[in-house]
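Student: Pasting a structure here, questions to come.
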Amino acid sequence: MSGRALSIVIALALVAITVVLAVYASRQLGSASDHYTAGGRLRGWQNALALAGDQISAGSFLGITGAVALTGFTGFYLAAGLPAAYLLILLLVAEPLRNLGHFTLADVICARFEGRLLRGTVAVATLVISIVYMVIQFVGAGLVAQLLFGIDYVPVVIGLGVITTLYTVLGGMIATTYIQMFKASVLLVVVAVLVVISLSKVGFNPVGPLLHARRLLGDKVLVPAHKGTTASLENVSLSLGLVLGFMGLPHVVLRFLTVRDAKAARDSTRIAMWIFSVFFLVLIILGYAALNEVGHAAILKANPAGNLAAPQLARAVGGEVMFALVSGVVIATVLAVLASLAIASSGAVAHDLYTQVIKHGDVPPERQLQVSRVAGAVVAAIAVVIAIAARDKNVAFLSNVAFAIAASSTTPVLLLTLYWPRFNRGGATAAMIGGLIVSCGLVAVGPDVLGGSHVFGLSIPALVSVPAAVLFALAGTAVCGPRPECAGTPYAEIRRRAFPA
Amino acid sequence: MAKLYAGMEREHTQATDAAAARRIRVALISAAALVVVVLALPILTSFTHVLDGVVGGISVAYIVGFAEFVVAMAGAVIWCRWVERQAARRDPADGRAGASERPVADRGRSAR
């Protein structure tokens, strides 16, 4: 059997296992709480594996390995801020989210400020961030399947959309959690095997690939590149978006509503940090191993962004079987992330927009569940259509754009809701709408969309859009301040609920 | 007797509020310091040459970057231990599970 055929068999086998897990999870699904947040029953280690699964995705595995192989230290920026981003989550939002939240991000914010406009805006922000993230996964998986398996792009994207919908409809958050745990475990094992084989080439020295690359190509592969003011500002903007954006990602927020108690929320964050920190450090090693074993020109030729460096390394050091294993696992991992995003976005539509904004909360749980399942299918279909239209676009930048949008809309509103006593509904609404418009607007007039005729010089707008969102929050709070209807639930009460002693 | 209970309740609320305020203060100061540390890496590597050297075959920038990983992971362990110590101090009968640590179902969340 050829490496390509074996890859397809492995990918199909892994997908079949995830479908079985979804069917198994569907038997445990009894209520809306089960569907949205796995009934709030998960243990710390279960949520840790699922949280880690959100981060150790196909995107990070392929993207960071390739970026390090092609650009050296510049690729490291994609990984450097992640452990710190999770420490911020642990310090600032993990426990308050679990204590205040019900089903969605909007529930946490609206625990303090009731209001249909605000809830609707948070739901729209959730949808925008989730759909952007879903499009990246669809496009990435479609291109990888096309390049690795020789399967046409459109059927792959549609097939992934159908399977994602199946997960959401069948098993909700319980299925998503099982699938994330399974996928994280498989990916960790495969990467561990790949790194052991790669290190065997350099005498099992963990930094051997870096030292070898330096011997072959000189210091330039290890030291930071200096490419002018705009590129430097881009690096800072990327790091700012990354470190602040994570705590505003709806599918990450949702993970803290699934745990049984505050200790489980803390434990899951801490354990997940350990898992993906080690994983990302290993990716640096794999990036340099790919540069040494495959070569810069061959990586560039296979894909200009370097996205196939990891499978190429697998083939170079482990032969066709290792290549097949890595390629198959990559496709399966995409599905798990898509399932998380589908749950977050279907909750925003069914629970926030339909139940709370349109029906004023007067919807039976069964009806809400039906709407959620339909919404999951519709959101997946929208993302599939955009992904098909965007097949020839460079979407690698989109994941960082999603972080920047979250850092400029949901994150500031969430943090100010939890920590600023004078914050009010006007400030929350202004920051959410203003941050969303500024961040999306700057991306639309930036170099990734307009190319050479761009109006705004940075691809990732966080450096401008995050301060803008904070200014909107201050202005909205000042304008709305004196009106009693803007105050919401007294801050002292929110603080006691968020940080019960 | 009612006055005594009211006094105890007030005292408990004040102690609870003070504990929450201390925790918020520590969390916000730590978070601010962390953001500064994280942004220092791209600022120093992009705008200056201070991290351009190579030590033992590895660039200084990578060593600082790896150190950030270690700081974040150590910070997570220290924070969790500190919070658990605070919880144990407040609820000595069951140091592992204070009011904030109780299972969700016990706190009426299932009724939502």
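The values are calculated or read from the model by the stated rules, or taken from the named source; none is laboratory data. Predicted, not measured: the structure shown is a model, and the values here were computed from it. Note that we place each Cβ from the backbone using ideal geometry, even for glycine, and neighbour counts take in every protein chain shown.
Student: Output the number of the condition that residue A:152 fails; it satisfies all remaining conditions of (1) at pLDDT 90 or above; (2) under 26 Å from the mean Cα position of the chain (by Cα); (3) surrounded by fewer than 17 Cβ atoms within 10 Å (Cβ to Cβ).
Tutor: Unmet condition: (1).
Student: Enumerate the helices (runs of 4 or more DSSP H) found wholly within region A:173-288, keeping only those where 1 or more residues are crowded, with 22+ Cβ neighbours inside 10 Å, of a type in the set (S, T, N, Q) and under 25 Å from the mean Cα position of the chain (by Cα).
Tutor: So the answer is A:229-245.
Student: Something else about it: Could you go through region A:343-357 and let me know if any residue there is of a type in the set (Phe, Trp, Tyr) and more than 27 Å from residue A:166 (Cα to Cα).
Tutor: Looking only at region A:343-357, we keep the residues that are of a type in the set (Phe, Trp, Tyr), and these are A:354.
Then drop every residue that is not more than 27 Å from residue A:166 (Cα to Cα), which leaves none.
Within region A:343-357, none of the residues are of a type in the set (Phe, Trp, Tyr) and more than 27 Å from residue A:166 (Cα to Cα).
Student: Can you confirm whether residue A:252 is touching a residue at least 60 places away in the same chain (Cβ under 8 Å), more than 9 Å from chain B (Cβ to nearest Cβ), closer than 25 Å to residue B:42 by Cβ and not polar (S, T, N, Q)?
Tutor: Judged against the criteria, residue A:252 is a match.
Student: Select from region A:1-40 the residues that are of a type in the set (Val, Ile, Thr) and within 25 Å of the chain's Cα centre (by Cα) and write down the one among them that is surrounded by the most Cβ atoms within 10 Å (Cβ to Cβ).
Tutor: Quick first cut of region A:1-40, residues of a type in the set (Val, Ile, Thr) only: A:8-10, A:15, A:17-20, A:23, A:37.
Those still in the list that are within 25 Å of the chain's Cα centre (by Cα) too: A:10, A:15, A:17-20, A:23, A:37.
On the way: A:10: 20, A:15: 17, A:17: 15, A:18: 22, A:19: 18, A:20: 12, A:23: 13, A:37: 30.
Taking the candidates together, the pick is A:37.
Student: For region A:8-30, state whether one or more residues are of a type in the set (A, V, I, L, M) and within 14 Å of another protein chain (Cβ to nearest Cβ).
Tutor: No - not one qualifying residue is present in region A:8-30.
Student: Just the residues that are among the β-branched types (Val, Ile, Thr) and free of Cβ contacts under 8 Å to residues at least 60 places away in the same chain, please, taken from region A:415-449.
Tutor: Looking only at region A:415-449, we keep the residues that are among the β-branched types (Val, Ile, Thr), and these are A:417, A:429, A:433, A:437-438, A:443, A:445, A:449.
Correct list: A:437, A:438, A:443, A:445, A:449.
Student: Is it fair to say residue B:63 is at the interface with chain A (Cβ under 8 Å from one of its Cβ atoms), in a helix (DSSP H, G or I) and not acidic (Asp, Glu)?
Tutor: For residue B:63, the condition - at the interface with chain A (Cβ under 8 Å from one of its Cβ atoms), in a helix (DSSP H, G or I) and not acidic (Asp, Glu) - is not met.
Student: Evaluate region B:31-38: report whether one residue or more is over 22 Å from residue A:238 (Cα atoms), more than 7 Å from every other protein chain (Cβ to nearest Cβ) and either touching a residue at least 40 places away in the same chain (Cβ under 8 Å) or part of a helix (DSSP H, G or I) (or both).
Tutor: So far as region B:31-38 goes, no, none of its residues is over 22 Å from residue A:238 (Cα atoms), more than 7 Å from every other protein chain (Cβ to nearest Cβ) and either touching a residue at least 40 places away in the same chain (Cβ under 8 Å) or part of a helix (DSSP H, G or I) (or both).
Student: Here is a further query. Out of the residues in region B:56-74 that are without any contact (Cβ under 8 Å) to a residue 12 or more places away in the chain and of a type in the set (Val, Ile, Thr), which is farthest from residue B:44 (Cα to Cα)?
Tutor: B:70
Student: Quick one: in region B:39-52, of everything that is within 8 Å of chain A (Cβ to nearest Cβ) and assigned to a helix (DSSP H, G or I), which residue is nearest to residue A:244 (Cα to Cα)?
Tutor: So the first thing to find is which residues in region B:39-52 are within 8 Å of chain A (Cβ to nearest Cβ), and the list is B:39, B:41-43, B:45-47, B:49, B:51-52.
Applying the additional criterion that residues be assigned to a helix (DSSP H, G or I) yields B:39, B:41-43, B:45-47.
Numbers: B:39: 11, B:41: 15, B:42: 15, B:43: 16, B:45: 20, B:46: 20, B:47: 22 Å.
Ranking the qualifying residues of region B:39-52, first place goes to B:39.
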